[in-house]
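Novice: One structure coming up, written as structure tokens, with questions to follow.
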Amino acid sequence: MSEPGSRAYRSIRDWAGDERPRERLLEHGAETLSDAELLAIILRSGLAGENVVDMARGLIDTFGGMDGLLRAGPKALQRAKGLGPAKAAQVAAAIELGKRAQALSPAERPDLRTPERVYALLGPRLMGARKEELYCLALDTRGRLLGGLNAVVSGSANMVGLRPAEVFREAIILDAPSVVLAHNHPSGDPRPSPQDISTTKAFIAAGKILDLDVEDHVVIGTNSWVSMKRERMAFS
């Protein structure tokens with residue numbers, strides 16, 4: 001039985017779908033969530049008799065607000081109620097990622113408005129690669145890279161079966177206005193194949209539906225590259 005004036009316990013499972021933090025983030029964006037709800041997603045689970053959102057609120061209060069939480073180190077986090085080594089590490093890692101992202105200046109993010117710059121970024125990374133890798137590089141409004149350099153798919157010579165939702169996932173999460181596609185040809189010959197052209201057309205069409213511009217598709221070979229946009233392949 002709860003104490004007078006205390007909040008009745010409700011498990012996250014009892015919440016309606018549009019109340020749950022994770023579902024709301026995916027549907028409406030992270031900016032719509034409170035600090036406690038964002039922290040709850042990182043924590044994942046609460047305590048006996050205390051759901052994860054209430055636990056997150058208590059954790060923020062323990063450290064005197066978000067400012068205090070952001071200054072807390074891993075050892076201090078471990079001493080907080082409900083945080084063992086695993087959860088303390090999760091919170092500390094999220095805080096550190098936020099600090100690193102905030103420390104990045106726009107000048108440190110590469111400008112990818114030309115295929116030459118795309119090749120300069122990915123060419124050394126793909127040199128000698130034996131498998132085909134496809135990249136979807138999310139760009140901001142000034143053509144600078146958002147997010148990381150993670151291949152959408154690796155080891156497949158067949159892009160036909162790829163779903164646009166899979167290719168554009170990170171760009172959509174980052175709310176990017178445009179992307180540049182890039183992939184390598186392990187043979188060393190960067191000339192786009194008929195399959196490359198047809199698949200790129202499909203991605204361009206899907207991007208328009210998602211309000212996402214595909215700026216170019218750069219095919220990388222051995223010390224060489226081809227801009228499909230510059231060569232008027234797939235791009236009208």
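Novice: Would you mind finding the longest exposed-site-free stretch of the chain, with exposed trypsin sites (Lys or Arg not before Pro) meaning DSSP loop and at most 14 other Cβ atoms within 10 Å?
Specialist: 143-229
Novice: For Asn184, list long-range residues whose amide hydrogen, built 1.01 Å from N in the peptide plane, is under 5 Å from its own amide hydrogen.
Specialist: When sequence neighbours closer than 5 places are left aside, the close amide H contacts are Glu133, Ile220.
Novice: Another one. Would you kindly derive the ³J(HN,Hα) couplings of the range 33-41 from the backbone phi angles with the Karplus curve 6.51 cos²θ - 1.76 cosθ + 1.60 (θ = phi - 60°), listing them in order in whole Hz, with x for Gly and Pro?
Specialist: Karplus-based 3J(HN,Hα) across the range 33-41 equals 9, 6, 4, 5, 5, 5, 5, 4, 5 Hz.
Novice: 7 Å from Cα along Cα→Cβ at both Glu23 and Asp175: what's the point-to-point distance in nm?
Specialist: The two pseudo-label positions are separated by 2.3 nm.
Novice: What chymotrypsin sites (Phe, Trp or Tyr not before Pro) does the range 112-214 have in DSSP loop regions with at most 10 other beta carbons within 10 Å?
Specialist: Here no chymotrypsin sites (Phe, Trp or Tyr not before Pro) fit, given the DSSP loop and packing criteria.
Novice: Next question, about the same structure. Quick one: what are the phi-derived ³J(HN,Hα) couplings along the range 209-222, Karplus 6.51/-1.76/1.60 with θ = phi - 60°, whole Hz, x for glycine and proline?
Specialist: Result, ordered by residue: 5, 8, 6, 10, 7, 8, 6, 5, 9, 9, 9, 10, x, 7 Hz.
Novice: What value, in deg cm²/dmol to 500, does the helix sum -39500 (n - 2.57) over DSSP H runs of n ≥ 4 give at 222 nm once divided by the residues of the chain?
Specialist: -11500 deg cm²/dmol
Novice: So, one more: Over 22 Å, how big is the tail of the calculated P(r) for the range 153-230, in percent of all Cα pairs?
Specialist: That tail contains 21 percent of the Cα-Cα pairs.
Novice: Also, I was wondering about something else. Roll a 1.4 Å probe over the protein chains and send me the accessible area per residue for the chain in Å².
Specialist: 60
Novice: Can you tell me the alpha carbon radius of gyration of the chain divided by the globular rule-of-thumb value 2.2 N^0.38 Å?
Specialist: 1.29
Novice: Let me ask another. Provide the per-residue ³J(HN,Hα) series for the range 53-61, in order, calculated from phi with Karplus coefficients 6.51, -1.76, 1.60 and θ = phi - 60°, each as a whole number of Hz, with x at glycine and proline positions.
Specialist: 5, 5, 4, 5, 4, x, 5, 4, 5
Novice: Amide H to amide H under 5 Å from Val152: which residues, 5+ apart in sequence or cross-chain, H placed 1.01 Å off N in plane?
Specialist: Those lying under 5 Å, H to H, from Val152 are Leu134, Tyr135, Cys136.
Novice: Here's a follow-up. Given a 1.4 Å probe and heavy atoms of the protein chains only, how would you sort Asp216, Asp175, Asp189, largest accessible area at the top?
Specialist: Solvent-accessible surface, decreasing: Asp175, Asp189, Asp216.
Novice: Under 18 Å between alpha carbons, and skipping anything fewer than 8 positions from Lys201 in its own chain: which aspartates and glutamates qualify?
Specialist: Qualifying aspartates and glutamates at Cα under 18 Å: Glu166, Asp211, Asp213, Glu215, Asp216, Glu231.
Novice: Search the structure for amide H atoms under 5 Å from the amide H of Gly147, placed 1.01 Å from N in the peptide plane, and list their residues when 5 or more places away or on another chain.
Specialist: Here the answer is none, since no amide H 5 or more places off falls under 5 Å of that of Gly147.
Novice: Add +1 for every Lys or Arg and -1 for every Asp or Glu among the other residues with Cβ under 14 Å from the Cβ of Gly73, and state the total.
Specialist: Computed value for this residue: +3.
The values are calculated or read from the model by the stated rules, or taken from the named source; none is laboratory data. All figures in this text were calculated on a predicted structure; none of them were measured in a lab. A quick note on method: Cβ atoms are made from the backbone with ideal geometry, for glycine too, and the neighbour counts reach across all protein chains shown. Ligands, DNA and RNA are stripped out before the accessible areas are found, and what is left, the full protein with its side chains, is counted by its heavy atoms. Shrake-Rupley method; radii C 1.70, N 1.55, O 1.52, S 1.80 Å.
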